[in-house]
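The structure appears right after this line, and notes come after that.
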Amino acid sequence: MSDQHRFDPTTALVVVDVQNDFADPAGGLYVRDGEQVVPLVSELVGAAQNAGSAVVYTQDWHPASTPHFAKDGGIWPVHCVADTWGAELHPQLLVKGPVVRKGTNGEDGYSGFSVRNPATGETTPTQLQSLLVPSVRGLVVVGLAGDYCVKETALDGVRLGYEVEVPLRLTRFVALEEGDAERSVEQMRAAGVTVS
Ligand code: VGL
Ligand code: ZN
């Protein structure tokens, strides 16, 4: 059952982009029902902490102008601009671990583990993996959004050799196109992610 994760020190909880722009209905890239996951994620953070599991966070953190945004040639409305309200972690999120910012220098890409240079396509790792001690084998990936940063973080987690679980009640999907949520779930399962 997704609420009964057996957290222990070999499992880490990865909380993806629980920020105002995604989780608040007034946010720049509001993910429908995103606010519903915030108290549940906070509860899970408490459970993870009690069991000795590391908790790490990601934070989408863009410059005011970046090829990630539609106005600059990308596909997204302006969101999570550095040092704005929208980029802040949601006020109801319990923060009990390090926060990895991604996109800081105008990079693109969605995984918490890596960023992509939009000019060259080159990907470089973030600090996320280095924050996980080598005895960590399993990741529980939660947050926003299920079809972008959660999915890509989960897929990268599998590529890096982790056992990865994504509990659906702890994520929500952008679903730019109908069926995106279902396709994302399929893609994660096909890669070996336990979508619960
Ligand atoms: C995300 C779209 C653009 C996410 C970030 O956190 O899933 N989605 N930037
Ligand atoms: Zn973004």
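Every read-out reported here was derived from the displayed coordinates using simple, explicitly stated rules and does not represent laboratory data. Not measured: the values here are computed from a predicted model. Note that each Cβ is placed from the backbone with ideal geometry, even for glycine, and that neighbours are counted across all protein chains shown.
Values for this structure:
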read-out	value
Residues 114, 130, 196, 53 arranged by fewest to most Cβ contacts within 10 Å	130, 196, 114, 53
Cβ-derived FRET efficiency at R0 22 Å, residue 10 paired with residue 43, nearest 0.05	0.55
Diffusion constant of the range 100-156 at 10 °C, which comes from Stokes-Einstein with the Kirkwood Cα-pair radius and 1.306 mPa s, µm²/s	133 µm²/s
Residues residue 135 and residue 194, FRET efficiency given R0 of 22 Å [Cβ-Cβ distance, rounded to 0.05]	0.65
Sequence ranges 80-93, 177-190, ranked by mean other-Cβ count within 10 angstrom, highest first	80-93, 177-190
Ranked 155, 170, 160, criterion: other C-beta atoms within 10 Å, fewest first	160, 155, 170
Rg over Rh [alpha-carbon atoms, Kirkwood Rh] for the range 4-195	0.94
Net dipole in debye of the chain [+1 Lys, Arg Cβ; -1 Asp, Glu Cβ; about Cα centre; nearest 20]	460 debye
Rounded to 5, percent antiparallel among DSSP beta bridges of the chain	15 percent
